[in-house]
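Asker: This is the structure I have questions about; it appears just below.
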């Protein structure tokens, strides 16, 4: 049991390398939000309802639902996860002196990983071609 639906969402989506002992799946399994409504539904009694589905590579499926004010919180957080699934690369990009200005669902993890790798290779090539590494102290 999780403290709330947002905690459950993050525990399912986090990779085992970042979640550590809290991870619910093995290191070779990745999960993503597979069904996400655009907006909150109102039940007949006027209570807000929101439900998303998460699917993992190993075939596991999770439904995360929330009612009332917590439905709004889950909706906002789920949409953040859809728009920025590659937030783990942002600190690495910032450490390389770059600040991403526009991140959306078109910037997938593969694209972000390649960007970081290409920038590192470029920096390394610049370093190798400079005379800085040949100076002895």
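Asker: Just to be sure, is residue 82 out of contact with any helix residue (DSSP H, G or I) (no Cβ under 6 Å at 6 or more places or on another chain) and at pLDDT below 60?
Answerer: no
Asker: Quick one: residue 47 ticks every box in (1) closer than 23 Å to residue 28 by Cα; (2) at pLDDT 90 or above except a single one, so which number is it?
Answerer: (1)
Asker: Just wondering, is there one or more residues in the stretch 85-95 that are over 18 Å from the mean Cα position of the chain (by Cα), assigned by TED's automatic domain parsing to the domain that holds residue 122 and at pLDDT below 85? Give the steps one after another, and end with the answer.
Answerer: Of the residues in the stretch 85-95, the ones over 18 Å from the mean Cα position of the chain (by Cα) are 95.
When the remaining residues are screened for being assigned by TED's automatic domain parsing to the domain that holds residue 122, the result is 95.
Subsequent filtering for residues that are at pLDDT below 85 retains 95.
Checked the stretch 85-95: at least one residue is over 18 Å from the mean Cα position of the chain (by Cα), assigned by TED's automatic domain parsing to the domain that holds residue 122 and at pLDDT below 85.
The values are calculated or read from the model by the stated rules, or taken from the named source; none is laboratory data. This is a predicted model, so every value here is computed, not measured. Cβ sites come from the backbone with ideal geometry, for glycine too, and all protein chains shown count toward neighbours.
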